[in-house]
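The values are calculated or read from the model by the stated rules, or taken from the named source; none is laboratory data. From a predicted model like this one, the values you see are computed outputs, not experimental measurements. Positions of Cβ are generated from backbone atoms using ideal geometry, with glycine treated the same way; all protein chains shown enter the neighbour counts.
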Amino acid sequence: MAIKNLLTRNNRYDKVRLVIVGSQSGVQNYYYTEANGDRYYFNQLSSTASADMESATFNSFLSFTMSNAAIYSFDLVPMLPGESVMIETKAVGLNATGTKGYLMTSFGGFRQFGATLSIIGSTINYTTKTDFGPAGVSFSAAGTQSVKMNVYGQSGEKIDWDVHIRYTKGFHSLSYAGSTGSNPSKPIYPKSPDS
């Protein structure tokens, strides 16, 4: 049995403009943002095949204002079978008068296994400091295709949100190393509704 030696390389990307779609009570809102990150590829040294992406990072930012007990949902991380994602996100909320604030950091991840999108280890860890009651940010599965970020408002409050998004996707292509088939598509960030 031959040992396959791999060459791993990093190709940075930046200034990627994209649209993140948010939904509130069935109404779609479009948030235009720029993102950057790193794409990690591997090559088998003994092969003439093209490099294959194994992992990618995504860094971006969202800012929006919401009133009362609304819920905004964002399909944030596209997921295909065999992929994983590690989420490290920070959110800051401040009410209109500056008398209440919200801080949150999250750490956790999801894995996609065919018909199931599941949290790895069954929970996302949140560290939260808040002056609000129910207002906050959380993550959940949106069917099997996407990790959803949910932002909750509070009755009688107008909250301005700044959300710093960071996640790392794993495509686990090494499981298929040596395959002669074509590489599947590997979405790093949400697909624009215009494309």
Please report, ordered by residue number, the strands (runs of 3 or more DSSP E) entirely within segment 10-119 with at least 2 residues that are at pLDDT below 90, more than 28 Å from residue 152 (Cβ to Cβ) and not hydroxyl-bearing (Ser, Thr, Tyr). 27-44, 52-67
Enumeration of residues in segment 112-146 that are touching a strand residue (DSSP E or B) at 6+ places or on another chain (Cβ under 7 Å) and surrounded by 18 or more Cβ atoms within 10 Å (Cβ to Cβ): 117, 124, 135, 136, 137, 139, 142, 146
Residue in segment 15-31 that is farthest from residue 148 (Cα to Cα), counting only those that are under 18 Å from the mean Cα position of the chain (by Cα) and among the hydrophobic types (A, V, I, L, M, F, W, C): 16
Restricting to segment 57-107, name every residue that is at positive phi and touching an Asp or Glu at 6+ places or on another chain (Cβ under 9 Å). 68
